[in-house]
Amino acid sequence: MDWYPLEGHWFPERVVEDGNIDHLFYFILWLTGIVFIATGILLFWFLWKYDAAKNDQPVVFTHGSHYLEVMWSVVPAIILLFLAIYQMDAWAGARMERPVLANGQPKPPIARVTGRQFEWKMQYPGEDQKFDTPDDLYVTNVLHVPRDEEVVLEIESEDVLHSFFLPNFRVKQDVVPGMKQFIWFKPIKDGSYDIVCAELCGWGHYKMKGQITVQSRNDFDVWLKKTYDEQELSEFSLAEAE
Ligand SMILES: [Cu+2]
């Protein structure tokens, strides 16, 4: 059983199935926390034990301890090596094992997210499931995804470096100009959560934020349809006005 000290204090609520990042964080917090407290106690105990006022022995000079130096180099090295191996599953789940379809093909992205100064442009492929065709849906700073499904997103940049950050989803991905990247997660709780840019990308970086909404598959389909109809309508009235 995991015991997470001050859970809810460090991280915002997790709304995805994969808890590996959280587990890793709390594991390292335990490790470093214990070492930190032990070092602190030792420091104060030494201050007290070797207090000059109550020790009248002459001062002895030392050139250090070879044995101790080897120990405090080797032990942290072993711990780091252990962490490097221990985190491999979490890394693979988050970055390497993209969800696949029944036929073994990588699951296509539900939407394309393009960062630009200073907004997130979302593009849904529409009924034909292909991007950059006439039935695509475009929205800005608003992303909807279905609950209890593996969601894959395509991440791109139109100008400079950004970072697509979904705190509640434990997702943070640098958005690199010229690179097409994919991220994935499985949301399990309805609601609206923050999308933020986590890479200083210019004067308007602070306002580069949006909202991601998790809803049932049914509500998601209704939203897609409704938003698409609104887009058609506004395009129609634009054409009328000309
Ligand atoms: Cu940005």
Please verify whether Pro76 is open to solvent by less than 90 Å² (accessible area, probe 1.4 Å) and either within 30 Å of Gln181 (Cα to Cα) or not in a helix (DSSP H, G or I) (or both), treating the condition exactly as stated. no
Of the numbered conditions (1) in contact (Cβ under 8 Å) with a residue 60 or more places away in the chain; (2) open to solvent by less than 100 Å² (accessible area, probe 1.4 Å), Asp89 fails exactly one; give the number of that condition. (2)
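Among the residues of the range 45-61, count how many are loosely packed, with under 10 Cβ neighbours inside 10 Å and part of a helix (DSSP H, G or I). Before the answer, list the steps.
Applying the first criterion (loosely packed, with under 10 Cβ neighbours inside 10 Å) to the range 45-61 yields 47-49, 51-54, 56-61.
Add one more test, that the residue is part of a helix (DSSP H, G or I), and what stays is 47-49, 52-54.
Here the count works out to 6.
Test of understanding: among Thr32, Thr39, which residue is within 30 Å of Asp194 (Cβ to Cβ) and either of a type in the set (Ser, Thr, Tyr) or in contact with a Leu (Cβ under 8 Å, 6 or more places away or on another chain) (or both)? Let's see the steps before the verdict.
On the way: Thr39 fails: within 30 Å of Asp194 (Cβ to Cβ).
Within the list Thr32, Thr39, the selection yields Thr32.
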Scan the range 19-42 and give yes if some residue there is in contact with a helix residue (DSSP H, G or I) (Cβ under 9 Å, 6 or more places away or on another chain), open to solvent by 60 Å² or more (accessible area, probe 1.4 Å), closer than 30 Å to Asp190 by Cβ and in a loop (DSSP other than H, G, I, E, B), otherwise no. no
What residue, among those in the range 96-120 that are charged (D, E, K, R) and within 14 Å of Glu150 (Cα to Cα), is most open to solvent (accessible area, probe 1.4 Å)? Glu97
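From the list Gly115, Gly126, pick out the single residue that is in contact with a strand residue (DSSP E or B) (Cβ under 9 Å, 6 or more places away or on another chain), in the same structural domain as Gln231 (by TED's automatic domain parsing), within 16 Å of the ligand (Cβ to nearest atom) and not hydroxyl-bearing (Ser, Thr, Tyr). Working first, answer last.
On the way: Gly126 fails: within 16 Å of the ligand (Cβ to nearest atom).
Checking each option against the conditions leaves just Gly115.
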Within the range 179-191, count every residue that is loosely packed, with under 13 Cβ neighbours inside 10 Å and not charged (D, E, K, R). 1
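The values are calculated or read from the model by the stated rules, or taken from the named source; none is laboratory data. On a predicted model such as this, the values are computed, not experimentally measured, just so you know. Reconstructed Cβ throughout: ideal geometry from the backbone, glycine too, with neighbour counts over all protein chains shown. Areas reflect the complete protein model, heavy atoms only, side chains present, ligands, DNA and RNA absent. Shrake-Rupley method; radii C 1.70, N 1.55, O 1.52, S 1.80 Å.
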